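Below is one structure, written out as structure tokens; comments come after it.
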Amino acid sequence: MRIFDISRKLVNGMPVWPGDTAFQYEVSWPMEESGSVNVGRLELSTHTGTHVDAPFHFDNDGKRIYELDLNLYIGAARVMDLPPDIESIGIKELKDIDLDGVTRVLFRTLAWKNGTVFPEKIPHIEPDLAPYLAKKGIRLIGLDVPSVDPIDSKELPAHHSLNENGIHILESLILDEITPGEYELIALPLPLVEGDGSPVRAILRQW
């Protein structure tokens, strides 16, 4: 069995969504003061690094993180390569691909070329893709970019369409070194009772 870490490293100075909380880690209670241990303090957004979105993120009546089914975030997944410099992901990009039996799909776009800088433009999900994927049995999609919608979107049509079709969202993966194919995904969110999202440690396993 091989394990592939597809999570972004959480480090001070890492890029976050413009205007969101900067990531900060510090040893707030060092061994010199406590006498026995170092204890750290974190400040971060629920959408820092590799993370999942709960429907409450974009819908005041939507489910919170703790209400989501953990089975969504563990199980068989397909990593799928998309054409270089693709601008959006819609039905036409997938219509010739057999998705029968696939529950989770991770799109490998390689569009976020410099991981130290937040991207200004990303390939996004076309809203009409959600009902198409739902009919195929897809329950979760993941991307190697920060959002399923354009960076400047306020209406978030892809978020809403995916939610309406029962498809959950995993964002900001690192898939650069991952060969397209079949894997087991594990990307568990934290048990945040009121959470609108949660960082995850996302891995792929392959036998």
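The values are calculated or read from the model by the stated rules, or taken from the named source; none is laboratory data. Bear in mind that the values here come from a model prediction, so they are computed numbers and not experimental data. Using ideal geometry, Cβ is built from the backbone for each residue, glycine included, and neighbour counts are taken over all protein chains shown. Only protein heavy atoms, including side chains, enter the accessible area calculation; ligands, DNA and RNA are left aside. Shrake-Rupley method; radii C 1.70, N 1.55, O 1.52, S 1.80 Å.
Say whether the condition of being surrounded by fewer than 19 Cβ atoms within 10 Å (Cβ to Cβ) and in a strand (DSSP E or B) is met by at least one residue in the stretch 137-156. For the stretch 137-156, residues surrounded by fewer than 19 Cβ atoms within 10 Å (Cβ to Cβ) and in a strand (DSSP E or B): absent. Answer yes or no as to whether Ala54 is under 22 Å from Pro146 (Cα atoms), of a type outside the set (D, E, K, R) and either touching a residue at least 40 places away in the same chain (Cβ under 8 Å) or surrounded by 11 or more Cβ atoms within 10 Å (Cβ to Cβ) (or both). Criteria met by Ala54. For the criterion of being part of a loop (DSSP other than H, G, I, E, B) and touching a residue at least 12 places away in the same chain (Cβ under 8 Å), Glu177 passes. Please determine whether any residue of the stretch 45-62 is in a loop (DSSP other than H, G, I, E, B), of a type in the set (Ser, Thr, Tyr) and over 18 Å from the mean Cα position of the chain (by Cα). No, that holds for no residue. Please work out if Asp144 is charged (D, E, K, R) and either in contact with a Phe, Trp or Tyr (Cβ under 7 Å, 6 or more places away or on another chain) or over 25 Å from Met1 (Cα atoms) (or both). The answer is yes for Asp144. The residue pairs whose first member lies in the stretch 21-47 and is over 19 Å from Phe118 (Cα atoms), whose second member is among the aromatic types (Phe, Trp, Tyr) and open to solvent by 60 Å² or more (accessible area, probe 1.4 Å), and whose beta carbons are closer than 7 Å, counting only pairs six or more residues apart or on different chains, are Val39/Trp29; Gly40/Tyr25; Leu42/Tyr25. In the stretch 60-73, the residues that are touching a residue at least 24 places away in the same chain (Cβ under 8 Å) reach residues that are open to solvent by 100 Å² or more (accessible area, probe 1.4 Å) and among the acidic types (Asp, Glu) with C-beta atoms within less than 6 angstrom, at least six apart or across chains, in these pairs: Arg64/Glu194. Per the conditions (1) surrounded by fewer than 21 Cβ atoms within 10 Å (Cβ to Cβ); (2) not in a helix (DSSP H, G or I), the sole criterion not satisfied by Pro131 is (2).
Give the stretch 57-76 a look and list any residue that's out of contact with any helix residue (DSSP H, G or I) (no Cβ under 6 Å at 6 or more places or on another chain), farther than 22 Å from Lys9 by Cα and open to solvent by less than 60 Å² (accessible area, probe 1.4 Å), or say none. Of everything in the stretch 57-76, those that are out of contact with any helix residue (DSSP H, G or I) (no Cβ under 6 Å at 6 or more places or on another chain), farther than 22 Å from Lys9 by Cα and open to solvent by less than 60 Å² (accessible area, probe 1.4 Å) turn out to be Asp59, Leu68, Leu72, Gly75.
Among the conditions (1) farther than 21 Å from Lys154 by Cα; (2) touching a Leu at 6+ places or on another chain (Cβ under 8 Å); (3) of a type outside the set (Phe, Trp, Tyr), the only one that Glu67 does not satisfy is (2). Out of Leu170, Leu162, Leu99, Leu110, one residue alone is crowded, with 23+ Cβ neighbours inside 10 Å and not in a helix (DSSP H, G or I). It is Leu170.
Within the stretch 1-25, can you find the residues that are of a type in the set (D, E, K, R) and open to solvent by 80 Å² or more (accessible area, probe 1.4 Å)? Listed by number, the residues that qualify are Arg2, Lys9.
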